[in-house]
Structure formats: structure tokens, C-alpha cells
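Remarks on the structure that follows.
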Amino acid sequence: MADTLEFNEIYQEVKGSMNDGRLRLSRQGVIFKNSKTGKVDNIQASELAEGVWRRVALGHGLKLLTKNGHVYKYDGFRESEFDKLSDFFKAHYCLELAEKDLCVKGWNWGTVRFGGQLLSFDIGEQPVFEIPLSNVSQCTTGKNEVTLEFHQNDDAEVSLMEVRFYVPPTQEDGVDPVEAFAQNVLSKADVIQATGDAICIFRELQCLTPRGRYDIRIYPTFLHLHGKTFDYKIPYTTVLRLFLLPHKDQRQMFFVISLDPPIKQGQTRYHFLILLFSKDEDISLTLNMNEEEVEKRFEGRLTKNMSGSLYEMVSRVMKALVNRKITVPGNFQGHSGAQCITCSYKASSGLLYPLERGFIYVHKPPVHIRFDEISFVNFARGTTTTRSFDFEIETKQGTQYTFSSIEREEYGKLFDFVNAKKLNIKNRGLKEGMKQSYDEYADSDEDQHDAYLERMKEEGKIREENANDSSDGSGEETDESFNPGEEDDDVAEEFDSNASASSSSGDGDSDRDDKKPAKKAKIVKDRKPRKKQPESKKGKDPNAPKRPMSAYMLWLNASREKIKSDHPGISITDLSKKAGELWKAMSKEKKEEWDRKAEDARRDYEKAMKEYSKADSHRGERSKKKKKKQEKQVKGKGDKKGATSKSSSSKSPAKGMSDSFKSKEFVSSDESSSAESKKEDSEDEGAASPPPSSEDSASGSD
């Protein structure tokens with residue numbers, strides 16, 4: 001016979017709800033792990049007192065009773081599995097798995113029996129229904145009635161709120177059957193009553209969830225949160241986990257208490273209680289117990305008088321009372337050196353902590369995801385910018401969590417962490433160069449090619465280059481491709497030809513009609529220097545002397561290899577941070593040595609710059625002469641064409657009088673032009689308007 005039996009998709013009845021999970025039976029005992037919360041129930045084989053097999057709504061069920069009165073119910077078995085379970089119980093637990101069916105007569109009159117933490121309503125020898133007394137939240141009595149109220153179940157669509165029992169009067173003197181019934185219920189019920197004094201009280205603690213300032217009163221069996229508006233009583237049995245997490249600013253601490261079932265306020269459910277502490281806040285604490293009681297109850301974990309940081313005292317007391325370990329961040333370290341990653345979940349920004357066995361996000365809303373419930377993770381491109389990425393987690397139940405706006409620098413650290421924990425990465429293998437399959441979990445290696453990371457780097461470089469180009473001047477690219485010199489020649493020729501055509505075809509139009517095309521050509525000529533101006537904007541001359549380094553940079557270049565050898569595997573950011581610390585701690589005498597070197601480098605730079613400036617001035621004079629020569633050639637072409645057009649238009653009788661008589665419009669437009677264009681106009685008109693010939697004067701006399 002096998003030493004273990006395992007069953008998947010088994011349901012455990014807890015407080016009226018059916019929680020699915022996995023059941024494992026071994027020689028040592030019975031273990032059930034809840035798929036939703038990860039909570040593990042461990043029943044030792046020596047504690048088992050009775051096992052009952054019966055038919056239930058979901059097939060067949062197994063009820064286990066322990067010697068200390070606890071009852072565990074598991075449903076979802078098939079009828080064919082009875083023989084296998086019965087043989088296993090006989091061989092390993094020395095128990096007979098009894099078959100007991102429920103009574104389905106529908107009678108409402110019977111006998112109530114209290115056995116351990118179970119209330120059983122029986123008709124004859126068969127039970128009709130059973131009520132775990134731990135589900136009872138309140139018990140009230142009437143004349144002949146006892147009313148049981150139950151904890152509300154958030155997971156069930158329909159919840160049983162109360163049950164009333166009619167208790168007939170008896171003839172026995174001195175015994176009230178109603179009070180006896182109520183006392184049996186209250187002795188085992190989960191009814192929170194603040195009897196006695198609190199062990200200790202923490203005043204005005206800052207609570208993020210639920211929000212506000214609360215006094216926390218520590219009782220032996222429960223925690224009492226007392227605020228200005230609301231009060232909460234939290235039994236220690238509902239505490240699943242404790243977390244102590246450092247804030248990214250290294251000045252504050254989060255203390256997180258995971259609860260199941262959650263505390264309720266109206267329709268709001270709080271699955272996590274989050275307290276925020278300052279590291280600088282200290283407290284001296286005295287427990288409201290004598291030293292013998294403290295030693296007997298806590299076995300050295302607490303003392304009557306304690307002092308230290310407030311967060312340490314709260315976490316230490318909670319750990320001793322709840323009897324659970326406190327989870328702290330593992331060896332993960334982000335790009336900034338913190339043990340968390342700044343990101344956004346839904347609409348709020350918060351911190352994501354990679355733990356040894358899961359992820360926890362604080363604080364709005366808090367999320368805890370265990371590694372064993374993760375189906376896969378995914379690294380996705382940021383929706384708004386390439387400077388960030390999204391981290392997606394999908395659980396085996398199909399729930400998806402997306403943590404967005406994570407800085408690009410955190411990608412390598414987070415990828416290495418996920419890889420080391422052997423989580424399935426969805427988009428691994430889909431990129432070029434990644435030849436691994438989905439189920440292959442090799443350790444992260446520095447030489448391993450990550451196509452997604454490479455692509456993000458390339459996109460970042462392109463983005464930075466574009467940003468630099470735009471900052472240098474958006475007109476530079478278009479001016480280089482425009483080539484102003486050639487375009488100006490074409491424009492001038494086009495306007496000159498139009499001018500000659502209009503003057504030859506026109507029948508003695510006004511002076512403005514003849515002058516306008518020539519003036520447009522002049523305006524284009526005036527634009528030449530402006531269009532060439534961006535061209536004169538040149539990049540940095542590679543032959544120019546390099547700027548001298550500061551004393552710190554000279555020291556860093558000389559000490560970089562030594563820092564790398566002292567701290568193998570250190571990142572560039574951490575190296576810069578470490579170098580800054582070393583430089584800050586350096587003595588004044590050593591710094592003066594590097595200051596002298598920096599001063600020498602500065603003098604050398606100034607000397608080199610003087611020589612470079614002289615050489616650059618000679619080069620500038622040569623380029624200016626060359627440029628003037630080119631401008632004269634272009635101007636000569638324009639004058640030649642202007643003379644041709646004006647000689648053809650000199651047949652107009654008014655042309656000869658243009659120097660002496662000008663219309664008002666011509667004068668105003670001429671004054672608006674630059675002084676240089678006026679000078680050029682007068683020179684060009686004088687050259688293009690020869691004295692009137694005999695033919696002209698004859699035609700004028702006609």
C-alpha cells in the first residue's frame with residue numbers, strides 16, 4: 001500500500017464556505033492546503049479520534065474529529081474512493097472509517113448534542129445538521145428560546161444569519177435549560193468579549209488600511225483597534241501572515257497583518273491591516289502581567305519591561321501572541337538599492353516587494369501573490385513611454401495583476417529575480433535570440449541574450465538622439481537638404497523672365513508693374529544670408545581641445561578599476577554611488593593633490609585653446625574670402641539678367657523719367673526696404689537705363 005494519498009479539488013468547509021485545495025494523507029497525518037489563501041491545516045496522526053464517511057451535496061465527504069474536540073470536514077470525494085481511504089485509515093491511523101448518513105425526514109423536533117466544538121441536531125441516532133460553534137458570533141436568550149447569530153461569509157452568495165431553537169421547560173429545580181444551552185454555546189463560540197485588562201496598549205498608531213489613527217489594545221486572544229469613528233476586534237486565529245517591510249525612503253517601516261476572514265466596515269472588506277511607523281520613534285513598554293506569567297506564557301519571547309523602536313515592539317508582541325513568523329524581504333535589491341520597486345497598480349502608485357515565496361504590493365489596494373499560485377509572469381512594453389515597462393502576473397485561477405510604470409533600469413534586476421525563482425516567463429522564447437522554451441528555467445546569466453532588453457535599449461537610444469536633434473534646432477535638417485544657394489538662383493531667374501515677359505507684352509502699364517518683379521528678385525537675394533545662417537551652425541569640431549576634467553573625475557578614472565576589484569559584480573550606478581562616498585570621506589590633503597592635477601589640466605587646456613583659436617581665425621578669413629567671391633559671381637549673373645530685362649522694357653516712354661519722378665506707392669514701398677537694397681536698386685537702374693536714343697525721342701515727338 002502507498003504511504004501517501006493525494007486528492008485534488010477537495011473542498012474544506014470553513015465558516016459556511018467551501019474552500020478548494022489539495023488534501024494529502026500520509027503516515028504522519030493529514031495536510032490540507034487552501035488554494036486561495038495558502039493556509040495549511042496539519043492534523044497529526046496521533047491526534048485523530050474518529051473518521052466518518054457520508055454522502056453530502058458535492059458527492060461524498062470525510063469528517064475528522066480530533067482528541068481535543070476540533071472538527072474538520074472535506075467534501076468532493078467519489079464513491080469509489082471509499083475503499084482506498086478505509087484501508088489507508090486502518091493501516092496507518094488504526095481507525096475504522098465509519099459510514100453515517102444524514103437524516104432527511106425533514107422533522108424540526110429532535111435532540112441537541114454538544115460534542116467538542118460541534119452542535120449536532122439529531123433525530124434518533126441520525127444527525128440532521130451540524131453547526132461548528134466557532135461560526136457563532138453571538139448567542140442571545142429569550143423566555144424559551146436561544147438565538148444563534150453567525151459570522152457573515154463574504155464568499156458565499158447566500159449566508160445563514162441566525163438559527164432559533166425552542167427549548168421546552170423542564171421540571172428540574174435549579175437548572176434553567178435555556179441558560180444551560182446558552183452556556184454550552186458560549187463556551188465554544190467565537191464570541192469576542194473584552195474581559196479583563198489589556199496586556200499592553202499602543203497609542204495613536206498611524207494606520208493606512210483602514211485609514212486613520214487607532215489605539216491598539218492587545219488582549220490574550222484578540223486585537224482591539226479603537227479609533228475615533230470605528231472599532232475593530234480581530235481574533236488572532238484570523239491572522240494568516242505578518243510582514244515587516246522597509247519603505248523605499250529608508251526612514252519608515254510598514255507592518256502588514258494578513259487577515260482571513262477580513263474585517264468589515266459596511267460593504268468594505270479589509271483583508272490587510274497596514275501600519276506605518278517611523279524608524280526614529282522609540283517606546284518603553286511594560287506588559288500588564290507579572291514576570292512569572294510572562295515567562296510561562298511567552299517562554300522568553302517577551303519580557304515584562306521592553307524598550308526600542310516602536311515598530312520593533314509592535315512586531316515582537318504580535319509575533320509572540322499570534323505565534324507566526326514575520327516575513328521580511330529577501331535578498332532582492334533594486335536598481336536604486338532599495339528592496340522594493342516603485343510601480344502603479346490600478347489607479348494608485350505604490351511599492352512592490354519581491355519576497356522569498358511571493359510578491360506583496362502596498363498599499364492601495366494591498367495585494368499578496370504566492371509563487372505557488374502563479375501560472376506565469378510577463379514583461380510588457382509600457383503603454384505611454386519606452387522609459388518604463390509593465391510587469392504582469394497571472395495566477396492559476398486566471399486572475400491577472402498588472403504592475404505598470406516600472407522604471408526601465410529595474411528590468412534587469414527583476415528579470416534575474418524571477419528567473420532565479422524559476423517562475424514561468426510568458427514572453428520568453430518569443431523574441432529573437434531566445435532559444436529557450438517556456439518550461440525551461442535556467443539561472444540568469446550575464447551573457448544570456450535578452451531580446452526585449454536589447455530592444456528597449458535601442459528604442460531609448462533612438463529617442464535620445466531625436467531629442468538631441470530637436471534641441472539643436474528643428475530647421476537644421478531642412479536647411480541642409482534645401483541648399484539655399486542653388487534655390488536662390490532659380491528663383492531669381494524665374495522672376496527675371498516673368499519681368500521681361502510682362503514688360504514686353506504690356507502696353508505702357510504703370511511703373512509699379514515694371515518694377516515689382518525686379519524688387520521680388522532683390523528680396524530673394526536679401527534672404528541668402530538668412531538661409532545660409534543655419535548652415536553655418538556646425539557641430540563640435542573634433543580637432544578642438546577637450547575640456548579639462550574636474551579633480552573628482554580625474555580621481556574616479558584612476559580609481560575605477562580598484563573599486564571594481566574590491567566590489568566584484570557592482571553595477572555602474574552602485575559604482576558611482578560608492579565612488580561618491582569614498583570621495584566624500586577622503587582627507588583634505590589627498591583632495592588637494594587631485595586639485596593640483598585638475599589645475600594643471602586647466603592651464604594646458606587654456607594654452608591649447610589659444611593656439612586653436614589662432615588657427616581657427618586663419619581658417620575663418622580664408623572661408624570668408626571664398627564666400628565673397630562666390631557672392632560676386634552670383635551677383636554678376638543677376639546684374640546681367642537685370643540689364644537684359646530692363647533694356648527690353650526701356651521702350652516705354654515713362655522709363656526714362658523713372659529716376660526723377662516716382663509715384664507715392666513706389667516711394668513708400670522703397671522706403672520699407674533695407675538701405676542696402678536701396679543702394680543696389682539705384683545702381684541697377686542706372687546700369688539698366690541708358691540715355692534715350694534718337695528713336696525714342698522721335699517716337700515721343702510723334
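The values are calculated or read from the model by the stated rules, or taken from the named source; none is laboratory data. All figures in this text were calculated on a predicted structure; none of them were measured in a lab. Counting neighbours? That spans all protein chains shown, and the Cβs are built from the backbone with ideal geometry, glycine included. SASA here: full protein model, heavy atoms, side chains in, ligands and nucleic acids out. Shrake-Rupley method; radii C 1.70, N 1.55, O 1.52, S 1.80 Å.
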Restricting to the stretch 331-344, what's the tally of residues that are out of contact with any Gly (no Cβ under 8 Å at 6 or more places or on another chain) and either open to solvent by less than 20 Å² (accessible area, probe 1.4 Å) or over 30 Å from N419 (Cβ atoms) (or both)?
3
Across the stretch 270-303, what is the number of residues that are closer than 25 Å to F254 by Cα and not aliphatic (A, V, I, L, M)?
14
Pick out the one residue from T268, T286, T209 that is open to solvent by 60 Å² or more (accessible area, probe 1.4 Å) and under 19 Å from H368 (Cα atoms).
T268
Selected residue [open to solvent by less than 70 Å² (accessible area, probe 1.4 Å) and either in contact with a strand residue (DSSP E or B) (Cβ under 8 Å, 6 or more places away or on another chain) or modelled with pLDDT of 80 or more (or both)] from R428, R408:
R408
Considering only strands (runs of 3 or more DSSP E) wholly within the stretch 1-101, the ones with at least 1 residues that are over 42 Å from the mean Cα position of the chain (by Cα) are 5-14, 29-34, 40-44, 48-56, 59-66, 71-77, 97-99
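Select from the stretch 247-271 the residues that are under 20 Å from the mean Cα position of the chain (by Cα) and either within 21 Å of D231 (Cα to Cα) or of a type outside the set (A, V, I, L, M) (or both) and list them in ascending order. Please lay out each step first, then the result.
Here is the first cut: in the stretch 247-271, the ones under 20 Å from the mean Cα position of the chain (by Cα) are 247-250, 252-254, 256.
Passing the criteria: H247, K248, D249, Q250, Q252, F254, V256.
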Quick one: would you say T237 is assigned by the TED database to the domain that holds T303, farther than 25 Å from H368 by Cα and of a type in the set (V, I, T)?
no
Considering the stretch 102-146, residues that are polar (S, T, N, Q) and surrounded by 15 or more Cβ atoms within 10 Å (Cβ to Cβ), and then whichever is nearest to Y166 (Cα to Cα), we arrive at T141
Can K90 be described as open to solvent by 70 Å² or more (accessible area, probe 1.4 Å), over 17 Å from N184 (Cβ atoms) and in contact (Cβ under 8 Å) with a residue 12 or more places away in the chain?
no
Does the stretch 306-315 hold any residues that are surrounded by fewer than 18 Cβ atoms within 10 Å (Cβ to Cβ) and at negative phi, and which are they?
M306, S307, S309
Going through (1) within 30 Å of E162 (Cβ to Cβ); (2) assigned by the TED database to the domain that holds L285; (3) out of contact with any Gly (no Cβ under 7 Å at 6 or more places or on another chain) one by one, G227 fails only at (3)
I'm told E312 meets every condition in (1) among the charged types (D, E, K, R); (2) more than 20 Å from F272 (Cβ to Cβ); (3) not assigned by the TED database to the domain that holds K248 except one. Can you identify the failing condition by its number?
(3)
Please verify whether K396 is on the phi > 0 side of the Ramachandran plot, over 18 Å from the mean Cα position of the chain (by Cα) and at pLDDT 85 or above, treating the condition exactly as stated.
no
Across the stretch 359-399, what is the total count of residues that are assigned to a loop (DSSP other than H, G, I, E, B), open to solvent by 40 Å² or more (accessible area, probe 1.4 Å) and closer than 19 Å to S258 by Cα?
3
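For every residue, the table says whether it meets (1) modelled with pLDDT of 80 or more; (2) within 30 Å of K624 (Cα to Cα).
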position	(1), (2)
S503	no, no
D511	no, no
K520	no, yes
E535	no, yes
K538	no, yes
P542	no, yes
I563	yes, no
D566	yes, no
E592	yes, no
Just a yes or no: is a residue in the stretch 293-305 assigned by the TED database to the domain that holds K248, touching a strand residue (DSSP E or B) at 6+ places or on another chain (Cβ under 8 Å) and open to solvent by less than 50 Å² (accessible area, probe 1.4 Å)?
no
